[in-house]
1. State which residue pairs qualify: first residue at positive phi and free of Cβ contacts under 8 Å to residues at least 12 places away in the same chain and inside segment B:10-33, second residue surrounded by fewer than 23 Cβ atoms within 10 Å (Cβ to Cβ) and outside any strand (DSSP E or B) in any location, beta carbons under 9 Å apart, and separation of 6 or more residues or different chains.
2. Kindly provide the set of residues from segment A:69-78 that are crowded, with 20+ Cβ neighbours inside 10 Å and of a type in the set (A, V, I, L, M), ordered by number.
3. Is one or more of the residues making up segment B:33-42 assigned to a helix (DSSP H, G or I), away from every other protein chain (no Cβ under 12 Å) and surrounded by 13 or more Cβ atoms within 10 Å (Cβ to Cβ)?
4. For segment B:88-98, enumerate the residues that are over 14 Å from the mean Cα position of the chain (by Cα) and either outside any helix (DSSP H, G or I) or closer than 20 Å to B:LEU9 by Cα (or both).
5. Just to confirm my filter: which helices (runs of 4 or more DSSP H) fall fully inside segment A:79-130 and include at least 2 residues that are touching a Ser or Thr at 6+ places or on another chain (Cβ under 7 Å)?
6. Would you check if there is a residue in segment A:105-123 being more than 14 Å from chain B (Cβ to nearest Cβ) and more than 25 Å from B:SER135 (Cα to Cα)?
7. Taking the criterion of being part of a loop (DSSP other than H, G, I, E, B) and within 14 Å of chain B (Cβ to nearest Cβ), would at least one residue in segment A:11-19 satisfy it?
8. Considering only segment A:47-65, I want to know if a residue exists there that is surrounded by 15 or more Cβ atoms within 10 Å (Cβ to Cβ), more than 14 Å from chain B (Cβ to nearest Cβ) and under 20 Å from B:PHE35 (Cβ atoms).
Amino acid sequence: MKYTIQINEGPYTHQASDSAYNFTKAVLEKGYEVFRVFFYHDGVNNATRLTTPPQDDRNVVNRWSELAAAHDLDLVVCVAAAQRRGIADAEESQRNGKDADNLAPGFRISGLGQLIEGGIISDRLVVFGD
Amino acid sequence: MSSVIKQFLYVNRKAPYGTVYALESLEVVLIGAAFEQDVRLMFMDDGVFQITKGQETTDIGMKNFSPTFGALGDYDVKYMYVCKQSLEERGLTVDDLMDLKWEDEDDDWAEKDSIILVDRAEIKSLMTDADVVLSF
């Protein structure tokens, strides 16, 4: 069974990213494949490495980076949604004439076609939102 | 990959301008249609406000994106399901909605209505029949 996961809400305000993380981990533990995790709407805010939660709380962003490194996950951030909300990698930042970038390790920025492709290729597309 | 055609059902449940979901859902719809998939839209709950006639956004300083729905027929989006109960609960009828059309190439390009009123039982089976349900 092949899964694509879509996350539509940012970290901490909504539980969506936590639920998606737990679901993704469970899918991998069961031995199924995660084709892609796609971050959309405020979900792109899960991809900023500047996130600094209190020490006694979970770090939602780092947790995704670590899961990606351990399982070679494809974490894709929608470019249009990211531009609106100030999420950029070095290349995007330079292209738009900005003075900083903030994309966390393990994430990459790409287009909505990656979500549609996920829907076509995967057996299940599971959406986590509000 | 291009040979696979799946039915994508986009479920729109929120009003157009209070949150960004409607606008960004429409962006996915346009990309999905370019992938030559079977794209269908559903409007329920406050989502029915997205396709009401005469939207005027000048005073709120936001872009009125409702005309884009009128162009979806050109992207081969033929079916827009609207929840009957959601309309009734909000004091709306189909006459309050935009006149959305698609052209049927198998019927001498006759213009046909895109909007199909459905009840909740029909919504259930439409969701079951879709390969991919994207909820916004």
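The values are calculated or read from the model by the stated rules, or taken from the named source; none is laboratory data. Everything quoted here is computed from the prediction, not taken from an experiment. All Cβ positions, glycine included, derive from the backbone under ideal geometry; neighbour counts span all protein chains shown.
1. The qualifying pairs do not exist here.
2. A:LEU73, A:LEU75, A:VAL76, A:VAL77
3. Checked against the condition, which is being assigned to a helix (DSSP H, G or I), away from every other protein chain (no Cβ under 12 Å) and surrounded by 13 or more Cβ atoms within 10 Å (Cβ to Cβ), segment B:33-42 yields no hits at all.
4. The answer is B:ARG90, B:GLY91, B:LEU92, B:THR93.
5. Counting at least 2 such residues, we get A:113-121.
6. Within segment A:105-123 (the criterion being more than 14 Å from chain B (Cβ to nearest Cβ) and more than 25 Å from B:SER135 (Cα to Cα)), the answer is yes, since at least one residue qualifies.
7. yes
8. no
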